[in-house]
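Structure first, commentary second.
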Amino acid sequence: MYYKKLESGKVRFFDTYQTLSGKRKQVTVTLDTASAQSQRQAKNIIEHKLQAEREAYDALHNATIAQVFDVYWETRKREISASYAFREKGQFDTFLNDFDFGNKRIKAISSMELQKFVNFFDKPSTRLEFKRHLVQFFDFAFDLRYIDINEAKRIRIPKVRQTIEQKERHDLKFFTFEEFNEFVDSAKCYIANLRSSYHRELGYRRLLMLEFIFLTGCRYGEAAALEWKNVDILMRDIYIRQSWQINLGKVGPTKNLQSVRHIAIDERTAEILEEMKARSECNFVFATTHHQPFPNGALNKFMKKVGEYGGMAKNPKDFSTHMLRHSHITLLVLAGVPQKVIMDRVGHSNPRTTSEIYTHLISSQKQQAVKVLNDLPRIA
């Protein structure tokens, strides 16, 4: 320990120590005098400081991924909805526990280890989702100086070349108006042949909810959580302000703030709401006879059964409630509705979502293009 007198007349005591990285750091304390008593006092203070510095550095240098994640999650879970937090936490549990990354020192993790982890999953969407979460987590660790570089940013996700069959299947994942009418007719026949009045009632309620989603473009969760207090049949308006959290089994917030919106409804949608009002015995608009929202899985299963029963040309395995939302947006695009109006109606926050995912070129558009070309003056 050393000391020097300052211009103020006080005395500064200091000592140095070597970090695990080989760097030397200095710890100081300033007292009034350089007496023997002050030197003993300074020595005790500096020793406590040195010990605290070494422990802090050791904790930073030897922290495990699980320890850093606990700090990260305290912040992260407050930034996202309860439903999304449930899903994201499950994915981190896979990373930390199932693949035993939790006990590894975060400073020693390599991009190769992270790459092998991501490569374990077959679906490109799963790989992308894990990379996104890992990059965000390791960014947090970098900002708090647990690591010197974000190794997750080095993860490479191979570009998937879409086959002709995959493109054709993607292009078919929506209903034209005629195809949905065919689906509704098939559903009515299917429901009429169910074995009991209870099952027929459930089937008809499901069909009304599916029609509602097709005609409004709502997400499943928004339709499932819709309550009568947010419905104005007379003014032909519904107010979307909450969503059903499937994995939590309760009402929660919408996907984003842009999803909180009013939707103007047509005459058929008003009729659907009137029919459900006559059947309703609870706050939810679309509920089972037990006063609970229909599970999304049950609706998807119902759609597939109807598709198979009616022998529809489209592959019933592709039928889902989200396909109805795709269909609604595609029909609005075909009708020439401006993109901003579509975004506001369906609650999209990013215009790319509307333009890239839903603007399919279907047969009616192709025929329209041919008609335009036929109407052009003939080239000599």
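The values are calculated or read from the model by the stated rules, or taken from the named source; none is laboratory data. Because the structure is predicted, anything quoted here is derived from the model rather than measured. All Cβ positions, glycine included, derive from the backbone under ideal geometry; neighbour counts span all protein chains shown. Each accessible area value is taken on the protein alone, full model and side chains, heavy atoms only, with ligands, DNA and RNA left out. Shrake-Rupley method; radii C 1.70, N 1.55, O 1.52, S 1.80 Å.
Listed here are the residues, each with its yes/no results for (1) more than 30 Å from Val251 (Cα to Cα); (2) of a type in the set (Phe, Trp, Tyr); (3) touching a Gly at 6+ places or on another chain (Cβ under 7 Å).
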{"residue": "Ser83", "(1), (2), (3)": "no, no, yes"}
{"residue": "Asp98", "(1), (2), (3)": "yes, no, no"}
{"residue": "Ser110", "(1), (2), (3)": "yes, no, no"}
{"residue": "Asp122", "(1), (2), (3)": "yes, no, no"}
{"residue": "Leu134", "(1), (2), (3)": "no, no, no"}
{"residue": "Lys153", "(1), (2), (3)": "yes, no, no"}
{"residue": "Arg156", "(1), (2), (3)": "yes, no, no"}
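Do we find that Ala224 is among the aliphatic types (A, V, I, L, M) and loosely packed, with under 15 Cβ neighbours inside 10 Å in this structure? No, not satisfied.
The listed residues are Leu60, Leu20, and the only one of them that is of a type outside the set (Ser, Thr, Tyr), open to solvent by 60 Å² or more (accessible area, probe 1.4 Å), under 47 Å from the mean Cα position of the chain (by Cα) and at pLDDT below 85 turns out to be Leu20.
Out of the residues in segment 289-345 meeting the condition of being touching a Cys at 6+ places or on another chain (Cβ under 8 Å) and under 18 Å from Lys188 (Cβ atoms), tell me which one is most open to solvent (accessible area, probe 1.4 Å). Within segment 289-345, the match that is most open to solvent (accessible area, probe 1.4 Å) is Tyr309. In a helix (DSSP H, G or I), at pLDDT below 95 and touching a strand residue (DSSP E or B) at 6+ places or on another chain (Cβ under 8 Å): is that true of Ser125 in this structure? Against the criterion (in a helix (DSSP H, G or I), at pLDDT below 95 and touching a strand residue (DSSP E or B) at 6+ places or on another chain (Cβ under 8 Å)), Ser125 does not qualify.
Return the pair list, or none, for Cβ contacts closer than 9 Å from residues in segment 103-130 that are of a type in the set (A, V, I, L, M) to residues that are exposed (fewer than 13 other Cβ atoms within 10 Å of the Cβ) and part of a loop (DSSP other than H, G, I, E, B), at least 6 apart or on different chains. Listed pairs, sorted by first residue: Val118/Arg156.
If you scan segment 268-286, which residues turn out to be touching a residue at least 24 places away in the same chain (Cβ under 8 Å), under 17 Å from Ile238 (Cβ atoms) and not in a loop (DSSP other than H, G, I, E, B)? Write out each step before concluding.
Going through segment 268-286, the residues touching a residue at least 24 places away in the same chain (Cβ under 8 Å) turn out to be 268-270, 272-277, 279-280, 283-286.
Checking the rest, the ones that are also under 17 Å from Ile238 (Cβ atoms) come to 268-270, 272-277, 280, 283-286.
Result: Arg268, Thr269, Ala270, Ile272, Leu273, Glu274, Glu275, Met276, Lys277, Phe284.
Residues in segment 119-130 that are exposed (fewer than 13 other Cβ atoms within 10 Å of the Cβ) and among the charged types (D, E, K, R): Asp122, Lys123.
Please verify whether Ala264 is within 30 Å of the chain's Cα centre (by Cα) and surrounded by fewer than 15 Cβ atoms within 10 Å (Cβ to Cβ), treating the condition exactly as stated. Break it down stepwise before answering.
Working: within 30 Å of the chain's Cα centre (by Cα): yes; surrounded by fewer than 15 Cβ atoms within 10 Å (Cβ to Cβ): yes.
It is true that Ala264 is within 30 Å of the chain's Cα centre (by Cα) and surrounded by fewer than 15 Cβ atoms within 10 Å (Cβ to Cβ).
In the set Lys107, Lys153, Lys116, which member is closer than 15 Å to Phe69 by Cα, open to solvent by 40 Å² or more (accessible area, probe 1.4 Å) and among the charged types (D, E, K, R)?
Only one candidate qualifies: Lys107.
Take Glu211 and tell me if it is closer than 25 Å to Phe174 by Cβ and in contact with a strand residue (DSSP E or B) (Cβ under 7 Å, 6 or more places away or on another chain). No; evaluated as a whole, the condition is false for this residue.
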